[in-house]
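Inspection log for the structure reproduced underneath, given as structure tokens.
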Amino acid sequence: MIRSARREDAAPVAALWRDLLAAHAALDPAFALQAGAGRALERELARALGDSGAGFWVAELDGGYAGFCSARLDRSAHARESCRVEITEIWVTPDRRRSGVGTALAEAALAWAREQGVARVEVRVAARNAEGGAFWRALGFGTFVDVLDRRL
């Protein structure tokens, strides 16, 4: 079942978010969580769950958490595109992948974006995350901007 996250979901979602960051850190150490940041992550989540410009959803299956998704509304006073939604995080536990959980979470975020009246939704996928890139492309997302970096 996909539902909007509540404040009491902060601790279990923070645990899932730490799993997401660990998986991304295996792709590139730049994604690694700083030492001791776990509690701060939980506090940040609790604040975000009360933000009207953000959306959070959890997937609950068999009495446990199978994944989560978060999105935020970005407004611009300067660009012709005055607002957009960015799906900032999505994570499905490895045992629940390829079962429709990720798609259901993404669809919840897309429905929320439609309710916000935006014309475009954006996601960022690490270049080394082939599985994530394939997931989003299968949902109709395509390349919009290439983000380049240079390590110093």
Within the stretch 18-66, the residues that are in a helix (DSSP H, G or I), touching a helix residue (DSSP H, G or I) at 6+ places or on another chain (Cβ under 8 Å) and under 22 Å from A111 (Cβ atoms) are L45
Name every residue in the stretch 117-136 that is buried (at least 17 other Cβ atoms within 10 Å of the Cβ) and part of a helix (DSSP H, G or I), in order of residue number.
G132, F135, W136
For A22: the one exception among (1) without any contact (Cβ under 8 Å) to a residue 12 or more places away in the chain; (2) of a type outside the set (D, E); (3) touching a strand residue (DSSP E or B) at 6+ places or on another chain (Cβ under 6 Å):
(3)
Counting only residues that are among the aliphatic types (A, V, I, L, M) and within 15 Å of R124 (Cα to Cα), which one in the stretch 14-28 is surrounded by the fewest Cβ atoms within 10 Å (Cβ to Cβ)?
L27
Near pairs, Cβ below 8 angstrom, 6+ apart or cross-chain, from the stretch 109-127 (more than 16 Å from C69 (Cβ to Cβ)) to any residue that is part of a loop (DSSP other than H, G, I, E, B)
A119/E81; R120/E81; A126/D28
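Coordinate-derived values only; no laboratory data. Owing to the predicted nature of the structure, the values given are computational and were not obtained by experimental measurement. Methodologically, a virtual Cβ is constructed for each residue, glycine included, from the backbone with ideal geometry; neighbour enumeration extends over all protein chains shown.
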